[in-house]
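The values are calculated or read from the model by the stated rules, or taken from the named source; none is laboratory data. Just so we're clear, the structure is a prediction, and the values are computed from it rather than from any experiment. All Cβ positions, glycine included, derive from the backbone under ideal geometry; neighbour counts span all protein chains shown.
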Amino acid sequence: MRIVLPGALPDPGQARELTSYLQKTAPTLLGWMERARARSIAADPAVTGCTPYEQWQLAACGFRPEAGQKLAAGLGPLWAQQNTPPDQPVWLLELVHVAPSRDGAALLPARELAITPEQSVALFESVQTLFSEAGFMLHADGAEHWRLDLPPEFAPDSASPALVAMTSVNDWWPQDMAGRPWRRLVNEVQMLWFDHPVNQDRYRQSLMPVNSLWLFGGARAGQLPGRLPLAGTQVHEGLLAPAIRQDWAAWLAVLGELESRIFRPMAQGAQPELVLTGRERIVELRPSALGNWTRWLPGSRNTWRNWWSPQS
């Protein structure tokens, strides 16, 4: 059994402040952490172009970027629902909401917009000819993503929508000359969708409009040797949103709920593997071969603090 907890790894300073709360809030999780062997992995989104959780997903599938590719390029073939030739780059468009913010522009990803298949089809049909005339071939690929064939001379260095949602559109929006046709096309889509019937209906339902698209991916399907191994894996993402907001009271509340609903019922069985992610690191925890005997070794119960809240 493996449990993946995105957002479960605070930055070292905050982790030190939260240490005293762990025994009370999640004693089962703390016991697993004390008895496990830890492997820490660097996860710099500025380098990878994706979140640490997405980095772990791509590594679990065996993805290896080619020279000049960010790791985030693998999210194209990872998330595409339709099969593509192994040597064909897979670019995806995510349906998003973009709004002005203090930092330039903020993005809400598709998972937060509750887009129905019917809405996605209607929006797709409204821009399909527009894309074709601009030299881009659009393919339906689910309610939240569409697949896109790009002109040969255009291969942007893009980030995952989840990472853009955590930072700013301006940090990742391409500004080079090669990207001018794409920027022009996105601007036309935004104008077309401003009063589209789908968005008029969403306004009536008090939902954010789907007013833009975010392009990402670019790796070939052949670079992804496997799919995400989900057998025996539980992913619980409840800690991620409060961790991003640095709302540690809410984070502890979610942790306590996970303790009572997930961790404690598993306490009498075999200790699971754990994957914890933070802003710039991943920690994988595997049960020690010595099992519960490790708790009696001198200093062993505190070794987890070395990776939980490292001093440097």
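Could you check how many residues of the stretch 152-172 are outside any helix (DSSP H, G or I) and either within 17 Å of the chain's Cα centre (by Cα) or touching a residue at least 60 places away in the same chain (Cβ under 8 Å) (or both)? Break it down into steps so the answer makes sense when it comes.
Of the residues in the stretch 152-172, the ones outside any helix (DSSP H, G or I) are 152-160, 167-168.
In the following step, the residues that additionally are either within 17 Å of the chain's Cα centre (by Cα) or touching a residue at least 60 places away in the same chain (Cβ under 8 Å) (or both) were identified as 155-160, 167-168.
So the count comes out to 8.
Identify, by number, the condition in (1) modelled with pLDDT of 95 or more; (2) among the hydrophobic types (A, V, I, L, M, F, W, C); (3) closer than 30 Å to TRP214 by Cβ that ALA26 doesn't meet.
(3)
For the list (1) among the charged types (D, E, K, R); (2) surrounded by 16 or more Cβ atoms within 10 Å (Cβ to Cβ); (3) outside the structural domain of MET208 (by TED's automatic domain parsing), I need the number of the one condition that LYS24 fails.
(2)
How do the strands (runs of 3 or more DSSP E) wholly within the stretch 38-151 filter down when requiring 1 or more residues that are among the small types (Gly, Ala, Ser) and under 23 Å from GLY238 (Cα atoms): which remain? It would help to see each step written out before you state the result.
Details: elements: 89-101, 104-108, 137-140, 145-149.
Qualifying strands (runs of 3 or more DSSP E): 104-108.
Does THR19 satisfy the condition of being assigned by TED's automatic domain parsing to the domain that holds ILE244, surrounded by fewer than 21 Cβ atoms within 10 Å (Cβ to Cβ), in a helix (DSSP H, G or I) and at pLDDT 95 or above?
Values: assigned by TED's automatic domain parsing to the domain that holds ILE244: yes; surrounded by fewer than 21 Cβ atoms within 10 Å (Cβ to Cβ): yes; in a helix (DSSP H, G or I): yes; at pLDDT 95 or above: no.
In short, no.
Which one of ILE3, ILE41 is among the aliphatic types (A, V, I, L, M), farther than 30 Å from TRP182 by Cα and surrounded by 21 or more Cβ atoms within 10 Å (Cβ to Cβ)?
Working: ILE41 fails: surrounded by 21 or more Cβ atoms within 10 Å (Cβ to Cβ).
After applying the criteria, what remains is ILE3.
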